[in-house]
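Read the structure below first, then the notes.
The values are calculated or read from the model by the stated rules, or taken from the named source; none is laboratory data. Quantities reported herein were computed from a predicted structural model and do not represent experimental measurements. FYI the Cβ positions are ideal-geometry reconstructions off the backbone, even for glycines, and counts take in every protein chain you see. All accessible areas refer to the heavy atoms of the entire protein, side chains included, with ligands and DNA or RNA removed. Shrake-Rupley method; radii C 1.70, N 1.55, O 1.52, S 1.80 Å.
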Number of protein chains: 10
Amino acid sequence: MMFLARMDVEFPPHLTPEQIADFQAREKEYSGSLQRSGEMAGIWRIVGEYANHSLFDVESNDELHAILSGFPMYPYLKIRITPLARHPNSIR
Amino acid sequence: MMFLARMDVEFPPHLTPEQIADFQAREKEYSGSLQRSGEMAGIWRIVGEYANHSLFDVESNDELHAILSGFPMYPYLKIRITPLARHPNSIR
Amino acid sequence: MMFLARMDVEFPPHLTPEQIADFQAREKEYSGSLQRSGEMAGIWRIVGEYANHSLFDVESNDELHAILSGFPMYPYLKIRITPLARHPNSIR
Amino acid sequence: MMFLARMDVEFPPHLTPEQIADFQAREKEYSGSLQRSGEMAGIWRIVGEYANHSLFDVESNDELHAILSGFPMYPYLKIRITPLARHPNSIR
Amino acid sequence: MMFLARMDVEFPPHLTPEQIADFQAREKEYSGSLQRSGEMAGIWRIVGEYANHSLFDVESNDELHAILSGFPMYPYLKIRITPLARHPNSIR
Amino acid sequence: MMFLARMDVEFPPHLTPEQIADFQAREKEYSGSLQRSGEMAGIWRIVGEYANHSLFDVESNDELHAILSGFPMYPYLKIRITPLARHPNSIR
Amino acid sequence: MMFLARMDVEFPPHLTPEQIADFQAREKEYSGSLQRSGEMAGIWRIVGEYANHSLFDVESNDELHAILSGFPMYPYLKIRITPLARHPNSIR
Amino acid sequence: MMFLARMDVEFPPHLTPEQIADFQAREKEYSGSLQRSGEMAGIWRIVGEYANHSLFDVESNDELHAILSGFPMYPYLKIRITPLARHPNSIR
Amino acid sequence: MMFLARMDVEFPPHLTPEQIADFQAREKEYSGSLQRSGEMAGIWRIVGEYANHSLFDVESNDELHAILSGFPMYPYLKIRITPLARHPNSIR
Amino acid sequence: MMFLARMDVEFPPHLTPEQIADFQAREKEYSGSLQRSGEMAGIWRIVGEYANHSLFDVESNDELHAILSGFPMYPYLKIRITPLARHPNSIR
């Protein structure tokens, strides 16, 4: 079951560069594991923005929310979710 | 080079059901050929809306515009394009 | 799995009162069957608007889209869907 | 008399994790008591957001405002209310 | 129990001046009766717009929706409702 | 001459509870005197929000601005004004 | 007492060029008389749009609404009004 | 060549009342000189807001930007510019 | 003096393909002459939309409005103009 | 391949004038080198705003994102990108 996400990162001003680098390293690891398990079907940078579009393939809304709230940077993410269904013109 | 599209279909009221069915059949054929060639990397229905999100993998903006304006239903599509770049956390 | 819907009805001007009454009768029947099966967990009129908020309890995005596109008045509905998860403060 | 609420939580940056945990514990208790009394007819997490949709069943606007302003986290909630009426297609 | 309404009138282009005048006459009568009964506590023209702000004093959301949907011009009104509570600074 | 106002209160985070209570006490006194003089024809809390809708009955735009900028909490108010005219359906 | 207006012209598609020319001629005459009387203190075309910004100097909201609704093209104007007060930095 | 400006003042919270008063005094002087030279053709307070609408009569976009960026409070102004042309109905 | 334009084309439904082709041919000729004279400094298609961004280099707002209103398709164009000034980082 | 950018600068309040001047000097150098290489085809100040519109001529979305994220002030820029294609009326 597919969902499109748009995530915008908004770090508070008090974070140090070290804290940000640590968040980014943990984010990359978490994101990688989600991609290897297939729960995250793709992630792309939005050109010019500290934001991404990503695709999630999950069993339920609860599973999706658990995955999203598990992101290390979750407190600093503004996330908008669009539920997707199979398109009749899709060949897959 | 990836682009995310959102396409909303808005048929004018004067079209007959036969005309609409014909548009949809030609749209499906065109969409299928784009997917087989790899130019359209995915298409999903937005739940509850006569609209889709789709991913395009093309060489240039001009190629993307040529593909989009080739859709049989192009005059009735409202299209918004978001250019995407590789995400540093992507494992692909 | 719960989803909140907002549906706005926008009839085209060429429909006759008889056609509208027929749509409404079939809509009521379809809506009733969805409520009896539990797929529609509730429906309320938005005060002052030809619109409703409704709750759907379904297994997947595809099922939800199939239900929504089955509404007799679907071509005249503008639908916006919000996916819901269990709230930690819910006692149910 | 039903109302749909959307509540977005926006904590100010100076709160400590302990203060936030205390707010959340008191919020849960208050929310539970409202659900047991029937004044809150349901609450759901909006997937990916620190926000909820909830349903209130109250006698008056004044009662609703008193309930809402009694939330421990009320100063940090952005609340939008939609008044609901009985829908003619509802079977309840 | 007070509600603020904003109503915008949007007549479809096919109505004749006679039909519009008839709607307006019946609207005035209905509006007058609501004011005499106290259910409509006030109505003002928004300067420069075919729109009004009005105040309703009713017992319930259902009563308000019944009153609003009883307006002769209801099919041509776009209505937005804001529920109001007693203000602590009000001297009434 | 009537105007509808919507006022949203946005206190800066550095104010102490004592300062806020002092502002609120002075606001109540000022608001009461405006109501007794008839310049403020009504004030209502917007349900769920730290905001009000109020009606002003004044001689000119300059008088209205002087009244509004005299509110003790004026620096923390976001105010939007809608000029109102007599409605032809009003019975007053 | 000054008000800023923004007026957008939206002619319905069924008007003939002759009808439009007639509207424009009467509009020009009406606009000229308002300028000569001083009630309209200025009018400017918004570059690239069939729209204007204009300044009105009137005694009351009711007078302003009467003036605006007297425009020959009033049924085809979308008007937004901003009430203005004397600015402390104005040298007039 | 005329331009309509809307300027909203947003002082950062760290400014002292003395600093603000100093900004306002210098702003008034600068604004007065622009009015005396004719580059600023008018300025009005927007009722209820710390904002103004003003008219500028300048030779070029570059001159307008130089004038605007010369305001003492420029770093704290949010400015939106609308280019104006002569209106065919203007009698001037 | 530079201006950025965004123009969206919205043909009314009653135009025939021949009428549209005629408009487009005349538009192309007019656009070409503006580019050769230097008044239009560039024009680009917005990918996926029947719209363009274009740059104009003109002497005044009045000249720009005259140019824009001279487009054969002007009645069907929705135009938004942004005035531009020299950027301090520009090397030209 | 052309892209239109709009960039708004939003410095955080804690930066000193020296830090800002340093950012601006490095920004100017970077911007100049992009213009000399042809990757930035133009840059203009938006009148009255700390913002620019600029044109980029690049080979790919990835190259554009690399260029944009290389701006010294990138953390303080809000950037919106519009992909452009060749316009059929362009004479270039």
Original post:
Within region F:56-67, is there a residue that is open to solvent by less than 50 Å² (accessible area, probe 1.4 Å) and under 30 Å from E:GLU27 (Cα atoms)?
Top reply: yes
Original post:
Is at least one residue of region B:32-43 assigned to a helix (DSSP H, G or I), within 21 Å of A:ARG92 (Cα to Cα) and in contact (Cβ under 8 Å) with a residue 60 or more places away in the chain?
Top reply: no
**OP:** Go through region B:6-23 and give me each residue that's open to solvent by less than 80 Å² (accessible area, probe 1.4 Å) and of a type outside the set (D, E, K, R).
**Re:** B:MET7, B:VAL9, B:PHE11, B:PRO12, B:LEU15, B:THR16, B:ILE20, B:ALA21, B:PHE23
Subject >> Subset of region D:7-19 (residues that are closer than 15 Å to D:TYR74 by Cβ and within 14 Å of chain A (Cβ to nearest Cβ)) >> reply: D:ASP8, D:VAL9, D:GLU10, D:PHE11, D:PRO12, D:LEU15
Original post:
With G:LEU4, G:LEU84 as the choices, which residue is in contact (Cβ under 8 Å) with a residue 60 or more places away in the chain, in contact with a Lys or Arg (Cβ under 7 Å, 6 or more places away or on another chain) and part of a strand (DSSP E or B)?
Top reply: G:LEU84
Subject >> Subset of region F:48-63 [away from chain D (no Cβ under 14 Å) and either over 10 Å from the mean Cα position of the chain (by Cα) or free of Cβ contacts under 8 Å to residues at least 40 places away in the same chain (or both)] >> reply: F:ASP57, F:VAL58, F:GLU59, F:SER60, F:ASN61, F:ASP62, F:GLU63
**OP:** For residues that are without any contact (Cβ under 8 Å) to a residue 12 or more places away in the chain and not hydrophobic (A, V, I, L, M, F, W, C), scanning just region C:7-19, find the one that is nearest to C:SER60 (Cα to Cα).
**Re:** C:GLN19
Original post:
Given (1) within 11 Å of the chain's Cα centre (by Cα); (2) not in a loop (DSSP other than H, G, I, E, B), where does G:PHE23 come up short, assuming only one miss?
Top reply: (1)
Original post:
Could you list, in sequence order, the residues of region D:26-46 that are within 13 Å of the chain's Cα centre (by Cα), polar (S, T, N, Q) and open to solvent by 30 Å² or more (accessible area, probe 1.4 Å)?
Top reply: D:SER33
**OP:** Kindly indicate whether E:GLU49 is open to solvent by 20 Å² or more (accessible area, probe 1.4 Å) and either of a type in the set (Asp, Glu) or in a strand (DSSP E or B) (or both).
**Re:** yes
Original post:
Can you name every residue in region A:52-62 that is under 10 Å from B:LEU84 (Cα atoms) and part of a loop (DSSP other than H, G, I, E, B)?
Top reply: none
Original post:
For region B:7-20, which residues satisfy the criterion of being at pLDDT 95 or above and assigned to a helix (DSSP H, G or I)?
Top reply: B:GLU18, B:GLN19, B:ILE20
Original post:
Would you say E:PRO72 is in contact (Cβ under 8 Å) with a residue 12 or more places away in the chain, away from chain G (no Cβ under 14 Å), assigned to a loop (DSSP other than H, G, I, E, B) and surrounded by fewer than 18 Cβ atoms within 10 Å (Cβ to Cβ)?
Top reply: yes
**OP:** Report yes if some residue within region B:31-46 is within 14 Å of chain C (Cβ to nearest Cβ) and at positive phi; otherwise report no.
**Re:** no
**OP:** Quick one: which residue in A:ILE79, A:ILE67 is under 30 Å from J:ALA5 (Cβ atoms), among the β-branched types (Val, Ile, Thr) and outside any loop (DSSP other than H, G, I, E, B)?
**Re:** A:ILE79
**OP:** All but one of (1) in contact with a helix residue (DSSP H, G or I) (Cβ under 9 Å, 6 or more places away or on another chain); (2) at pLDDT below 95 hold for I:TYR76, so report the exception by its number.
**Re:** (2)
Subject >> Checklist (1) within 16 Å of F:TYR74 (Cβ to Cβ); (2) at pLDDT 95 or above applied to H:SER37, failing item >> reply: (1)
**OP:** Return only the number of the condition from (1) farther than 17 Å from G:ARG86 by Cα; (2) open to solvent by less than 70 Å² (accessible area, probe 1.4 Å); (3) more than 14 Å from chain J (Cβ to nearest Cβ) that H:PRO83 does not satisfy.
**Re:** (3)
